Amino acid sequence: MFKTILILNLLFLTFMPLESLAKTTESTNIQKHVAIVIDDFGNGMKGTDEILSLPIPLTVAVMPFLSTTEKDAKLAYNKGHEVIVHLPMEPLHGKKSWLGPGAITTDLTNAEIRKRVNAAIDDVPHAVGMNNHMGSKVTADERVMRTILEVCKERGLYYLDSKTTSKSVVSTLANQLEIPFLENELFFDEQYTTSHIVKQANLLMNKIDKDNEIIAIGHVGIAGEKTASVLKQYVPLVKQKATAVRLSELFVDPEEVTDIQ
């Protein structure tokens, strides 16, 4: 019986069109990548230690000018994670006071925007990229966003659009300016319950089956400990399906990304 099955299998492979065989082999060798970004570091937020101790490489978004900005950035870097600037930007709804120091708002001049973006980059050790904290109003404003991206280009940073609005102009401007950019695909914890975070983690797992590259964002803070706990449970499952990577590994050789000291 075994010999019969073996012969049939050999015959199948012999007469299978080479193109089909190549496609079958290729589909089994596709490498899938997942980049998990964690926002809101820099202010001693809940879940900081738990998130940074997860056994996968992360991209850690650190807000500038806060009490633990330098500490969190250096700790994340020393643990092998990638650091980016989590730049506070004006939202369509909410108070400017929620943004924290050095925020980018649409009433600023281009010169002031440039000054604040450069200062933010200088304040976050080891930053190689940037994303927006809130920012639904700013990321839809062509003048303001162009200025921000021009500074990123000058400083050698890539940009991650957190996609807090469907009206974002980031992709259009980044393509024009030839700046490496990426886009978030889901948030883990926009609702602060464990059940919601689990639901989003399951959504991530489903996306891995369909897509070769996935970017997802979580947060330290109110839901930080819950997010860390759920991610810790899902890390082994993610590793079965994909390779966890830092953001820069999705589009360039990491060695080509400037390390801002």
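Please name all residue pairs, on different chains or six or more residues apart, with Cβ atoms under 7 Å, provided the first residue is in the stretch 79-93 and is at pLDDT 95 or above and the second residue is open to solvent by 20 Å² or more (accessible area, probe 1.4 Å) and part of a strand (DSSP E or B).
HIS86/ASP40; HIS86/HIS133; LEU87/HIS133; PRO88/HIS133; PRO88/MET134; MET89/HIS133; MET89/MET134; PRO91/MET134
So SER166 fits all but one of (1) open to solvent by 60 Å² or more (accessible area, probe 1.4 Å); (2) touching a residue at least 24 places away in the same chain (Cβ under 8 Å); (3) of a type in the set (S, T, N, Q); what number is the exception?
Answer for SER166: the failing condition is (2).
I'd like the full set of residues that are at pLDDT below 95 and either buried (at least 18 other Cβ atoms within 10 Å of the Cβ) or aliphatic (A, V, I, L, M) (or both), limited to the stretch 28-55.
Once the filter is applied, which keeps residues that are at pLDDT below 95 and either buried (at least 18 other Cβ atoms within 10 Å of the Cβ) or aliphatic (A, V, I, L, M) (or both), the stretch 28-55 yields only ILE30.
Among the residues of the stretch 102-132, write down those that are within 24 Å of GLY156 (Cβ to Cβ) and either modelled with pLDDT under 95 or open to solvent by 30 Å² or more (accessible area, probe 1.4 Å) (or both).
ASN110, ALA111, GLU112, ARG114, LYS115, ARG116, ASN118, ALA119, ASP122, ASP123
Within the stretch 138-163, which residues are in contact (Cβ under 8 Å) with a residue 60 or more places away in the chain and buried (at least 22 other Cβ atoms within 10 Å of the Cβ)?
ILE148, LEU157, TYR158, LEU160, SER162
Conditions tested, residue by residue: (1) touching a residue at least 40 places away in the same chain (Cβ under 8 Å); (2) within 15 Å of the chain's Cα centre (by Cα).
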position	(1), (2)
GLY135	yes, no
LEU186	no, yes
ASN202	no, no
ILE214	yes, yes
ILE222	yes, no
GLU225	yes, no
LYS232	yes, no
LYS241	yes, no
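Quick one: would you say LEU99 is over 25 Å from PRO180 (Cβ atoms), of a type outside the set (Lys, Arg), more than 14 Å from the chain's Cα centre (by Cα) and surrounded by fewer than 19 Cβ atoms within 10 Å (Cβ to Cβ)?
no
Within the bounds of the stretch 227-238, is there any residue that is open to solvent by 10 Å² or more (accessible area, probe 1.4 Å), over 22 Å from LYS32 (Cα atoms) and either modelled with pLDDT of 95 or more or outside any helix (DSSP H, G or I) (or both)?
The answer is yes; a qualifying residue exists.
The values are calculated or read from the model by the stated rules, or taken from the named source; none is laboratory data. Nothing here was measured: the structure is a model prediction, and the numbers come from that model. Note that each Cβ is placed from the backbone with ideal geometry, even for glycine, and that neighbours are counted across all protein chains shown. Accessible surface areas use protein heavy atoms only, side chains included; no ligands, DNA or RNA. Shrake-Rupley method; radii C 1.70, N 1.55, O 1.52, S 1.80 Å.
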